[in-house]
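Just below is one structure, and these are the notes that go with it.
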Amino acid sequence: MTVPNVKLNNGTSIPQLGFGVWQVPDDGARDAVAEALRVGYRSIDTAKVYENEAGTGRAIAESGLSRDEVFLTTKLWNSDQGFDETLRAFDGSLERLGTDYVDLYLIHWPVPEYDRFVDTFKAFQRIRDEGRAKAIGVSNFRVEDLRRVIDETGETPAVNQIELHPGLPQDELRAFHAEHGIATEAWSPLGQGESLKDPAITEIAAAHGVTPAQAILRWHLQLGNVVIPKSVTPARIAENFDAFGFALTADEVARITAISGDRIGPNPAEFN
Ligand code: NAD
């Protein structure tokens, strides 16, 4: 199966379908990432706060793949924001991951009340200039946060990783990203499993002879989103990687986008 790539504004590319490891303990992450790489995933999304960078790094090292065959993302935690703090935290992530670079480094949350994300992004620019992060981006940033980074650093983040699923299609942010060349990466792309039960989803999935998870992932792919579904179950890891042999109609895409719902995760305006 060939996963399409999405070109980033730094010239590198991210596989459109990757594998996330939030809420997976370190040992379990080692097993789950090993399985994902065996199935064919070539993009892995972790974060310092997940406490599984070590297991993730070990699975990549033990996979038999060369480091440049895997797109590796990690994230800076909120309490590490600030210029010097970021440089220190990044060293810690690299050490735990057992690698000398990441493909993408993200500011995990904006934490507007700290007002430190601009300085943090300036440290990201230094890390990128040193070649230790190929691309730099953000996560959970609102339009106003993105505007500040762009205005105050002169650089547009390569990626904004945001909560995005059929219950929260994020039209405003996706439009802003498209206008500014920011790749949209969807976290909780399956709504943490909740979206799978929606009657519109089960109906559309049945019409194509695919599973609800595959129908939702196909919707993301057709919208142009990068997706990073998570599972620790081998059959589901394989199922989620198999979202390419069919296409939704424009009406089906619109029907899924129209599903109403709400956020599952915290509100980025307040979360610290
Ligand atoms: P998800 O939408 O990927 O859902 C995962 C859950 O859905 C699984 O735990 C399982 O219960 C179920 N599931 C998965 N595949 C299934 C299948 N084929 N059939 C039936 N059920 C299935 O949710 P997520 O883990 O929250 O998000 C994915 C990744 O996004 C995370 O692992 C993490 O890497 C990233 N993430 C980032 C942030 C952020 O703030 N940047 C926040 C949350 C998650």
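A helix-only calculation puts the chain at -12500 deg cm²/dmol for mean residue ellipticity at 222 nm, using -39500 (n - 2.57) for each DSSP H run of at least four residues, averaged over all residues. Within straight-line reach of Lys134, meaning a Cα separation under 30 Å, sit the following lysines at least 8 residues removed in sequence or on another chain: Lys7, Lys48, Lys75, Lys122, Lys230. Every pair of different Cα atoms in the stretch 28-155 enters the Kirkwood calculation, which places the hydrodynamic radius at 14.9 Å.
Taking a ≥ b ≥ c as the square roots of the eigenvalues of the Cα gyration tensor, the chain is oblate, since a/c reaches 1.5 or more and a/b is not larger than b/c. Calculate the length of the line joining the C-alpha centroid of the stretch 195-272 to that of the stretch 140-174, in whole Å. That distance is 20 Å.
For the stretch 103-148, chymotrypsin sites (Phe, Trp or Tyr not before Pro) meeting the loop criterion (DSSP other than H, G, I, E, B) and having at most 15 other Cβ atoms within 10 Å: Tyr114.
Could you tell me which of rounded, prolate or oblate describes the stretch 14-56, using a ≥ b ≥ c as the square roots of the eigenvalues of the alpha-carbon gyration tensor, with rounded for a/c under 1.5 and, failing that, prolate when a/b is larger than b/c and oblate otherwise?
Oblate, since a/c reaches 1.5 and b/c is not below a/b.
Every number in this text was worked out from the coordinates using simple rules, so none of it is lab data. Treat the numbers as computed from the prediction; the structure is a model and nothing was measured. Note: ideal-geometry Cβ built from the backbone for every residue, glycine included; neighbour counts use all protein chains shown.
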